[in-house]
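Some notes on the structure that comes next.
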Amino acid sequence: MKKNKILAVICSALAVFSAVSLPLASTGTLKVEAATYTYTSGDFDYKALDDGTVFLSGYHGSDTSLQIPSTLDGKKVTQIGSLCFLQCKDIKYVTIPEGVTSIGHEAFGRCENLVSVTLPDSLTSIGDYAFNYCEKLQSITLPDRLTSIGDSAFNDCISLSSITIPGSVKSIGRSAFAYCEKLKSVTLENGIKTIGKKAFMFCNSLQSLIIPASVEEIGDDMVLYCDMMKSISVDSKNKNYSSQDGVLFNKTKTELITYPCNKNNTSYSIPSSVKTIKSLAFYQCNNLSSLTIPIGVVEIEESAFYNSDGIKSIKIPYTVTSIGDYAFNYCDNMKSIDVDSTNKNYSSKDGVLFNKTKTVLIQYPCGKESSGYTVPDSVDTIKEYAFHGSTIDSVTVPAGVTTIEEDAFNIYYLSVIYGYKNTAAEKYAKEYGIKFVALGASGALTGDVNGDNEISINDATLIQKGIAGSVEFTTEQKAVADANGDGEVNVSDVTVIQKFAAGLIETIYNRFKRV
């Protein structure tokens, strides 16, 4: 009998201990938590909360038109839990009852046939990915008590055509309405404070947006890839942001944040107040062919003009001290980037962008019309993506180049790299499967007597003139004119070059024909 009593006490103690959490290292205290159980009522699973209400945790029905009950087993439903209706493909229409205050993470995610949702006035929060990939969702009315819309909450709702976000909402999450391809109308009511990064990214039907006075923070790339965007306007009472001619700035217009990519203007002069051109500010502005950057601009951030195919040239004023990576990448029609000669940080040569001392080649303009390019002898580094988007098929790299960063060249067009053996040029060529042609000690290609980086009939003619004495060769020209490698310059060399130019032979003294 005594033994049974001892056992009962031990079991009771274990039961109490199992309901107690581990000690908290910072305070040394213990926290007692109520046990949580899952119950089933009809087609719904739910869990009880400490306040006597319940939240839905699962659904295993097949209704196409679903009226979620306001109570289960006499207990009020106040929350819809995470993943509750995930991938419920039968559901087309949903009515959420009054009393529900929150919709959890991915609660209706990937309900691909969901057309309409009726939300209760009591709802205060919509969780991350709550309606993610509900591709047939056409309409939804957000209640006036709603305070937060989670990250990617309506991401990829490609049938949603309009949305009004009430002023009660304080934060719109990251990518909240991204990829809503048919979203034509977005109304942001006064009261909203934060618009998350990429909130309306890839909303390809959205043409305009009005930012209310209450907004305090706009995340980066809010309307990135919105191909039809023509105007972003800001309420004049906003204390943090402003607009001019549909272009988004900070309040003092010292930062140009977003130039709408489908704005109709073919030319644009950046206001003289601007000090910083923000990242992706002019992304994909294909209508814009002429752009003026004023004296006073100090910083051009990363990818600022990325993929702006309309711009033909850029002039960098002397005041610019910082140009971010990829600032002018994939500007397909940009023929030159010219830097004011008094700029202390950057320089240009033949429209190519360098650092001041020309030791770093930063950007070769994508639209520069040339089949080949010879990197200046001063260069020791070719930056990542420096030639991406360009269509040159050959490049000559001097021995002094010690660093060619990853993906520096467009390997889809570049067919041959001319350089010196055992250098960065040869290493890069091998790594990316590009033909490498070694240069001789003089740096010139054997057979290229006129120095145009080509071997042609023009070179054969020039050798003939040299042999006849009508042209005097330099020491380097004599070296490269020896096309057959016998140490002399004579008619045999002319014949070799003529055959090479005609395609009858593939090599000239161990130098390979270009492909």
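The values are calculated or read from the model by the stated rules, or taken from the named source; none is laboratory data. As the structure is a computational prediction, the values presented were derived from the model and not from experiment. Note: ideal-geometry Cβ built from the backbone for every residue, glycine included; neighbour counts use all protein chains shown. What goes into the accessible areas is simple: the full protein's heavy atoms, side chains included, and nothing from ligands, DNA or RNA. Shrake-Rupley method; radii C 1.70, N 1.55, O 1.52, S 1.80 Å.
Nearest 0.05, what FRET efficiency do LEU504 and ASN355 give at R0 = 35 Å with Cβ-Cβ as r? The value I calculate is 0.15. For region 323-480, the Kirkwood radius over C-alpha pairs fed into Stokes-Einstein at 25 °C and 0.890 mPa s yields D = 148 µm² per second. With the convex hull constructed from alpha-carbon coordinates only, region 37-177 shows a mean projected area of 7.4 nm² over all directions. Dipole size of region 82-193 about its Cα centre, with +1 on Lys/Arg Cβ and -1 on Asp/Glu Cβ: approximately 160 debye, rounded to the nearest 20. Ranking ILE103, THR342, SER243 by how far each Cα lies toward the positive end of the dipole of the chain (charges on Cβ) leaves ILE103 at the top. In terms of its Cα atoms, the chain spans 120, 69, 49 Å along the principal axes, sorted from long to short. So in the chain, what percent of DSSP beta bridges are antiparallel if you round to the nearest 5? Bridges in the chain that DSSP calls antiparallel: roughly 30 percent. For region 352-363, putting each phi into the Karplus relation 6.51 cos²θ - 1.76 cosθ + 1.60 with θ = phi - 60° gives couplings of 9, 8, 10, 6, 4, 8, 6, 8, 10, 8, 8, 8 Hz, in residue order, rounded to whole numbers and with x for Gly and Pro.
Near ILE314, once Lys and Arg are set to +1 and Asp and Glu to -1 for all other residues with Cβ below 11 Å from its Cβ, the sum equals +2. Determine the shape class of region 249-354: with a ≥ b ≥ c the square roots of the Cα gyration tensor eigenvalues, call it rounded for a/c under 1.5, and otherwise prolate if a/b is greater than b/c, oblate otherwise. Oblate, because a/c is 1.5 or more while a/b does not exceed b/c.
Looking at region 238-332, the accessible area is 39 square angstrom per residue; that uses a 1.4 Å probe and ignores ligands, DNA and RNA. Under the combined filter of DSSP loop state and at most 11 neighbouring Cβ atoms within 10 Å, region 337-394 retains these trypsin sites (Lys or Arg not before Pro): LYS344. Computed from Cα positions, the angle between helix 457-468 and the longest principal axis of the chain comes to roughly 30 degrees. Pairs from the table (LYS237/LYS263; LYS239/LYS383; LYS75/LYS182; LYS335/LYS499; LYS251/LYS349; LYS92/LYS197) lying more than 28 angstrom apart at Cα are LYS239/LYS383; LYS75/LYS182; LYS335/LYS499; LYS251/LYS349; LYS92/LYS197. If amide hydrogens are placed 1.01 Å from N in the peptide plane, which non-local residues have theirs closer than 5 Å to the one on ASN250? Under 5 Å from the amide H of ASN250: SER242, GLU255, ILE257.
Extending 7 Å from Cα along the Cβ direction at ASN345 and again at LYS421 yields two label points whose distance is 4.3 nm.
Each label point was placed 7 Å from the Cα along the Cα-to-Cβ direction; for SER267 and THR403 their separation is 4.0 nm.
Once the Cα-Cα distance is subtracted from the 0.36 nm per residue extended length, the ASP235 to ALA468 segment shows a gain of 75.9 nm. Work out the P(r) tail for region 76-124: percent of alpha carbon pairs separated by more than 16 Å, whole number. For region 76-124, the fraction of Cα-Cα distances above 16 Å is 36 percent. Among the chymotrypsin sites (Phe, Trp or Tyr not before Pro) within region 356-442, those in coil by DSSP and having at most 15 neighbouring Cβ atoms inside 10 Å are TYR412, TYR413. Segment TYR432..THR38, full-extension length gain: 136.1 nm, with 0.36 nm per residue of separation and the alpha-carbon distance subtracted. Each Lys or Arg adds one and each Asp or Glu subtracts one; over the other residues with Cβ under 13 Å from the Cβ of SER148, this totals +2. For the pair TYR413 and THR64, label points projected 7 Å from Cα toward Cβ lie 5.4 nm apart. Nonpolar atom fraction for the chain, defined as the carbon and sulfur part of the 1.4 Å probe accessible area, stands at 48 percent.
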